[in-house]
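Peer 1: Handing you this structure, nothing more for now.
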Amino acid sequence: VDDLIQKARQGHRRSIARLISQVENSDAAAQTAVTALHAHSGRAHLIGVTGSPGSGKSSLVNEIAKAFRRRQARVGIVAVDPSSPFTGGAVLGDRVRMRDLAGDDAVFIRSMASRGSLGGLARATSTAAKILDAAGFDVILIETVGAGQAEVEIAGTAHTVLVVEAPGMGDDIQSIKAGILEIADILVVNKADRPGANRAVQALKMMLHLAPAGYAFRGHHGPAHATLDEEAPAPATKEIDGWDVPVLEAVATAAKGIDEVVAAITGHRDYLQAGGEWQVRERERSRQEIERLLQARFMAQLRAAVAPVALDEIVAAVAAREVDPYTAVDRLFSQLKGEKLHVAPTA
Ligand SMILES: Nc1nc2c(ncn2[C@@H]2O[C@H](COP(=O)(O)OP(=O)(O)OP(=O)(O)O)[C@@H](O)[C@H]2O)c(=O)[nH]1
Ligand SMILES: [Mg+2]
């Protein structure tokens, strides 16, 4: 693995691909890779791209990648959704075109298998991004479908979050998933060649202004603040004021509106760096990374300490109202200290 890590750091494509596979399949490999590479990461601009299924995220990511290539940036792409066509026809064609345009090593595209737990997927995704970061990619685009909270969370660990919607949603504002708007730094109404684009833009702008003050647009910081330190005060409104979430129109399939999207992305990066907000987000990302690892380790430890049969027993006791869930958790926790599991009814 050490050899692989060294080669990956030098940007060797095949080593990067193999290292990401190993990290996907093994926690031990992930630990080795992250331990070696973390200090060399932190330079890349991580851009999360999320939004409704079929809204054109992959098409847009593809155009954004090309635009960054024209600006000489090296671009990594991690797609979490297995249905994304990055590994297949159309986009692979674009990838080959990009290769003609830019040379072999400047673009790296990777789809993450969505097998296993979403927690595992989040870990594998952030580790893949870290590997690409340490390998010298300047911009890393992470595509997820904004369907579940976990996917939103993956996108939310980026520095800049693009939420992509398509016309049609304007008629049904409720269809925009709760949680997706408040992580948006940039909103894109793609498929602006379709009717209703303008209405969608207006609806989104209205929703942005309706969001409660002190809460808006910083969702990936808001909820995260509440996890390790529940007593921490809500982030000051002042912090939130500095960035106006733009609502842009684009036609990804015709490469329209892409320069504006890229300008918004680099503008957001400049905003983060100028105001010290970049460091704030880095700390938040680190906090989330630590929490994810802690949770995984706690659960692994618990699974090692408690026999599945014993766990089933206490679950059954809670379901039968013989034991309350808090007492059950107390007892499971005492297992971690090597005590025997009690399934006796709560007094
Ligand atoms: N008319 C029109 N079609 C588009 C546009 N952008 C993408 N499409 C088409 O919409 C379909 C879905 O595009 P994708 O880029 O795969 O969308 P996605 O959001 O990545 O989809 P999932 O990853 O499956 O959620 C494809 O057939 C695209 O060709 C656009 O701007 N206008
Ligand atoms: Mg896609």
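Peer 1: Based on alpha-carbon positions alone, could you give the equivalent ellipsoid semi-axes of region 268-347 from the gyration tensor, as √(5λ), descending, whole Å?
Peer 2: 41, 14, 9
Peer 1: Which ordering of Glu153, Glu291 is given by a fewest-first count of other beta-carbon atoms within 10 Å?
Peer 2: Glu291, Glu153
Peer 1: Also: Could you give the size of the charge dipole of region 234-347 about its Cα centre, using +1 on the Cβ of each K and R and -1 on the Cβ of each D and E, expressed in debye and rounded to the nearest 20?
Peer 2: Dipole size: approximately 540 debye.
Peer 1: Please say if region 1-61 is rounded, prolate or oblate, where rounded means a/c under 1.5 for a ≥ b ≥ c the square roots of the C-alpha gyration tensor eigenvalues, and otherwise the choice is prolate for a/b larger than b/c and oblate otherwise?
Peer 2: prolate
Peer 1: Hey, can you rank 311-322, 191-202 by average C-beta count inside 10 Å, highest first?
Peer 2: Highest mean packing first, the order is 191-202, 311-322.
Peer 1: Stretched out fully, how many nm does the piece from Ala274 to Ala255 gain, at 0.36 nm a residue minus the Cα gap?
Peer 2: Working: separation 19, 0.36 × 19 = 6.84 nm, distance 2.99 nm.
Answer, rounded to one decimal: 3.9 nm.
Peer 1: Residue separation times 0.36 nm, minus the C-alpha to C-alpha distance between Lys337 and Asp193: what's the value? It would help to have the intermediate numbers written out before the result.
Peer 2: Details: separation 144, 0.36 × 144 = 51.84 nm, distance 6.17 nm.
Fully extending the segment from Lys337 to Asp193 adds 45.7 nm.
Peer 1: Going by Cα centres, region 241-280 and region 22-41 are how many Å apart?
Peer 2: Answer, in whole Å: 30.
Peer 1: May I ask you to compute the full-extension gain from Arg297 to Val329, defined as 0.36 nm times their residue separation minus their alpha-carbon distance, rounded to one decimal in nm? Intermediate results must be reported in sequence, preceding the final value.
Peer 2: Details: separation 32, 0.36 × 32 = 11.52 nm, distance 1.64 nm.
Residue separation times 0.36 nm, minus the Cα-Cα distance, leaves 9.9 nm.
Peer 1: For His209 paired with Ala304, estimate the spin-label separation in nm (one decimal), with each label point 7 Å from Cα along the Cα-to-Cβ line.
Peer 2: 5.6
Peer 1: Follow-up question, since we're still on this one. Using the count of nearby Cβ atoms within 10 Å as a rough guide to exposure, how do Arg287, Arg303 rank from fewest to most?
Peer 2: Ranked by crowding around the Cβ, least crowded first: Arg303, Arg287.
Peer 1: Something else: Can you sort Leu210, Leu293, Leu37 from fewest to most other Cβ atoms within 10 Å of each residue's own Cβ?
Peer 2: With the sparsest Cβ surroundings first, the list reads Leu210, Leu293, Leu37.
Peer 1: Can you compute the FRET efficiency between Ala39 and Arg321 using 1/(1 + (r/R0)^6), with r the Cβ-Cβ distance and R0 = 51 Å? Round to the nearest 0.05. Could you put the intermediate results ahead of the total?
Peer 2: Numbers: r = 52 Å, r/R0 = 1.01.
With R0 = 51 Å, the Cβ-Cβ based efficiency is 0.50.
Peer 1: If I take R0 = 51 Å and measure r between the Cβ atoms of Arg13 and Ala263 in this structure, what FRET efficiency does the formula 1/(1 + (r/R0)^6) give, to the nearest 0.05?
Peer 2: 0.95
Peer 1: Follow-up question, since we're still on this one. Rounded, prolate or oblate for region 248-301? Axes are the square roots of the Cα gyration tensor eigenvalues, ordered a ≥ b ≥ c, and the cut-off for rounded is a/c under 1.5.
Peer 2: oblate
Values in this text are rule-based calculations from the coordinates and carry no lab data. This one's a predicted model, so the numbers in the text were calculated from it and none came from an experiment. Note that each Cβ is placed from the backbone with ideal geometry, even for glycine, and that neighbours are counted across all protein chains shown.
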